[in-house]
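Worksheet for the structure shown next.
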Amino acid sequence: MRLIIMGPPGAGKGTQATFIAQEFGIPAISTGDIFRANVSAGTPLGVEAKRYMDAGEYVPDSVTNSMVRNRIAEDDAKGGFLLDGYPRTVAQVAELDSMLADAGLELDGAVVLTVDSEAIVQRLLKRATIENRADDTEDVIRRRQEVYGEQTAPLIDTYRERGALVEVDGMGEVDEVTQRVFAAIEGLKG
Ligand code: ADP
């Protein structure tokens with residue numbers, strides 16, 4: 001399976017991505033996690049990415065695209081993968097299309113988690129007290145929602161038009177959402 005999971009910041013993509021990865025035996029590739037690992041390790045990529053992340057802005061496509069291209073070429077991604085947090089811009093969609101075409105592969109589908117926007121701001125503020133992420137302050141959270149609305153939400157239509165979109169209600173208990181997500185992915189296979 002080659003899948004992407006989309007949804008606004010705080011929708012629970014990372015949580016569901018982990019369960020999907022286990023269930024379908026594919027790696028969950030989170031661009032946010034890769035950036036954070038680079039920030040922690042103090043790599044040049046991390047230093048570059050941090051400036052944008054701390055402000056709630058997207059890291060430039062040139063940086064993100066080459067990082068993903070390298071990551072999906074690794075051995076563990078040969079049999080499939082789930083991308084969490086990529087693509088997030090129109091240019092990233094084009095880049096992913098070309099990465100897949102170069103390898104003679106196709107995407108099986110895009111899962112979108114739909115959530116209530118005020119509820120997720122509250123979720124993120126709660127997470128801030130637990131995980132201590134630099135981009136989980138209220139101003140930055142609101143900026144991330146804005147950037148998502150401007151740059152990423154329009155991609156949902158792109159995947160819908162391609163007939164590869166499954167929309168899943170992301171509100172409710174984590175387990176319930178997971179069951180809905182699994183059912184939606186099974187539907188894609190059929
Ligand atoms: P969230 O979805 O909660 O905002 P992520 O962990 O997915 O969190 O991403 C955190 C930050 O990492 C984003 O706000 C952005 O700065 C950067 N980032 C992650 N993925 C991308 C991407 N595909 N393109 C550009 N920037 C990205």
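Each reported figure results from applying straightforward, stated rules to the coordinates on display, with no laboratory input. Just so we're clear, the structure is a prediction, and the values are computed from it rather than from any experiment. A quick note on method: Cβ atoms are made from the backbone with ideal geometry, for glycine too, and the neighbour counts reach across all protein chains shown.
Tabulated values for the structure
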quantity: Scope the range 3-16; condition aliphatic (A, V, I, L, M) and closer than 16 Å to Arg123 by Cβ; matching residues; calculated: Ala11
quantity: Among the residues listed as Arg36, Arg71, the single one being of a type outside the set (A, V, I, L, M, F, W, C) and closer than 22 Å to Glu106 by Cβ; calculated: Arg71
quantity: From Glu106, Glu161, Glu131, residue being within 11 Å of the ligand (Cβ to nearest atom) and loosely packed, with under 14 Cβ neighbours inside 10 Å; calculated: Glu131
quantity: Residue match in the range 100-109 (condition: touching a Phe, Trp or Tyr at 6+ places or on another chain (Cβ under 6 Å) and either aromatic (Phe, Trp, Tyr) or not in a helix (DSSP H, G or I) (or both)); calculated: no
quantity: Meets criteria (of a type outside the set (Gly, Ala, Ser), within 10 Å of the ligand (Cβ to nearest atom) and touching a residue at least 24 places away in the same chain (Cβ under 8 Å)) for Arg88; calculated: yes
quantity: Qualifying residue in the range 72-87 (condition: over 30 Å from Phe182 (Cβ atoms) and either surrounded by fewer than 19 Cβ atoms within 10 Å (Cβ to Cβ) or out of contact with any strand residue (DSSP E or B) (no Cβ under 7 Å at 6 or more places or on another chain) (or both)); calculated: no
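Conditions (1) surrounded by fewer than 18 Cβ atoms within 10 Å (Cβ to Cβ); (2) within 11 Å of the ligand (Cβ to nearest atom); (3) over 14 Å from the mean Cα position of the chain (by Cα), marked per residue:
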residue: Glu23; (1), (2), (3): yes, no, yes
residue: Asp33; (1), (2), (3): yes, yes, no
residue: Gly42; (1), (2), (3): yes, no, yes
residue: Val47; (1), (2), (3): yes, no, yes
residue: Asn65; (1), (2), (3): no, yes, no
